[in-house]
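**Student:** Handing you a structure now.
The values are calculated or read from the model by the stated rules, or taken from the named source; none is laboratory data. All of these numbers come straight from a predicted model, not from anything done at the bench. All Cβ positions, even for glycine, are placed from backbone atoms using ideal geometry, and neighbour counts span all protein chains on display.
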Amino acid sequence: MQQTWMTDDKTTINFEIFGDRLNPPLLLLPGLMGSISTQWRKFVRPLTADYRVLMMDLRGHGRSNNSQTTLRPDRMAKDIAGLLDHLDIPELHVAGYSLGGYLGLLLALNQPRRVSTLLMHATKFYWTKGSAKNMQAQLDPDKMVKTVPAYANQLMEEHGGRQWRALVRQAVEMTFFMAEAGIREAALKHLQQPVLVSLGDRDEMVPLPEAVRLSRILPNGGLIVLPGTRHAFQSIRPVPLLPMMQNFHQKRD
């Protein structure tokens, strides 16, 4: 069921809930420049057999707006926590794709008792100025209209004719912020929640050695590598990821 909630800075967050109220809650977070209209959708029905599934559009994405002129991970994590407070969900499982995994990690660090388990798929943790500059070179709205018109049209449909250009620029700027002031390895040493790092073996954005390193630094980290899977969410097949998700999250139910 589609609903909205307003944050303390007057940003409207779009969210949907599926499944039985008596089931343990599971939050599915989309990635940067993604939305719940196109990401995680095919996972919802099988997951509702065991979970009350919550999905939300991040601020500035999809049907959520953004009252600020920038995107910041800490503000977005605060949005997540605020929505969970609004829904009276004190503890839950989290699965995040790309930026969604990063925000799930931030939520677990800020509110460790709230996150029971965390799945991070295709999440880039190690941002540098170099990787941010690579992102900047690829994501110029005016150039995208000419060089990748299909992707530009997808972003327009997903986020709105006016909003998508601002979102692309804010997304690029946020990657530079994450390179300068993002989560550092030292912050992870005392994180006790089980965290499963998942990556496609053909991911163009996240090198496999980065995922291996992250999974080993996390005190209760694990790693799975999906065969024939690129970074784009559309390349993820429900099998084998879905049964791995179910097995991972159910260990703490």
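**Student:** Run down I217, I236 and say which single residue is touching a helix residue (DSSP H, G or I) at 6+ places or on another chain (Cβ under 6 Å) and either closer than 13 Å to H121 by Cα or among the β-branched types (V, I, T) (or both).
**Tutor:** The unique qualifying residue is I217.
**Student:** Something else about it: Do we find a residue being small (G, A, S), in contact with a helix residue (DSSP H, G or I) (Cβ under 7 Å, 6 or more places away or on another chain) and at pLDDT 95 or above anywhere in segment 157-180?
**Tutor:** Yes; the residues of segment 157-180 include at least one that is small (G, A, S), in contact with a helix residue (DSSP H, G or I) (Cβ under 7 Å, 6 or more places away or on another chain) and at pLDDT 95 or above.
**Student:** Identify, by number, the condition in (1) buried (at least 18 other Cβ atoms within 10 Å of the Cβ); (2) without any contact (Cβ under 8 Å) to a residue 12 or more places away in the chain that D88 doesn't meet.
**Tutor:** (1)
**Student:** Looking at L214, L196, which is the one that is closer than 20 Å to V94 by Cα, modelled with pLDDT of 95 or more and assigned to a strand (DSSP E or B)?
**Tutor:** L196
**Student:** Residues A95, A49: which one is farther than 18 Å from H159 by Cβ and touching a helix residue (DSSP H, G or I) at 6+ places or on another chain (Cβ under 7 Å)?
**Tutor:** Of A95, A49, the one residue that is farther than 18 Å from H159 by Cβ and touching a helix residue (DSSP H, G or I) at 6+ places or on another chain (Cβ under 7 Å) is A95.
**Student:** Can you tell me how many residues in segment 187-206 are exposed (fewer than 12 other Cβ atoms within 10 Å of the Cβ), farther than 16 Å from P112 by Cα and either out of contact with any His (no Cβ under 6 Å at 6 or more places or on another chain) or without any contact (Cβ under 8 Å) to a residue 24 or more places away in the chain (or both)?
**Tutor:** Total satisfying the criteria: 1.
One line per residue, one yes/no per condition, for (1) without any contact (Cβ under 8 Å) to a residue 24 or more places away in the chain; (2) in a helix (DSSP H, G or I); (3) within 27 Å of D201 (Cβ to Cβ):
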{"position": "T117", "(1), (2), (3)": "no, no, yes"}
{"position": "M120", "(1), (2), (3)": "no, no, yes"}
{"position": "T123", "(1), (2), (3)": "no, no, yes"}
{"position": "M135", "(1), (2), (3)": "no, yes, yes"}
{"position": "A166", "(1), (2), (3)": "no, yes, no"}
{"position": "R169", "(1), (2), (3)": "no, yes, no"}
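**Student:** Working only within segment 217-242, note down all residues that are assigned to a loop (DSSP other than H, G, I, E, B) and either within 24 Å of L107 (Cα to Cα) or aromatic (F, W, Y) (or both).
**Tutor:** L218, P219, N220, H231, A232 - these are the residues of segment 217-242 that are assigned to a loop (DSSP other than H, G, I, E, B) and either within 24 Å of L107 (Cα to Cα) or aromatic (F, W, Y) (or both).
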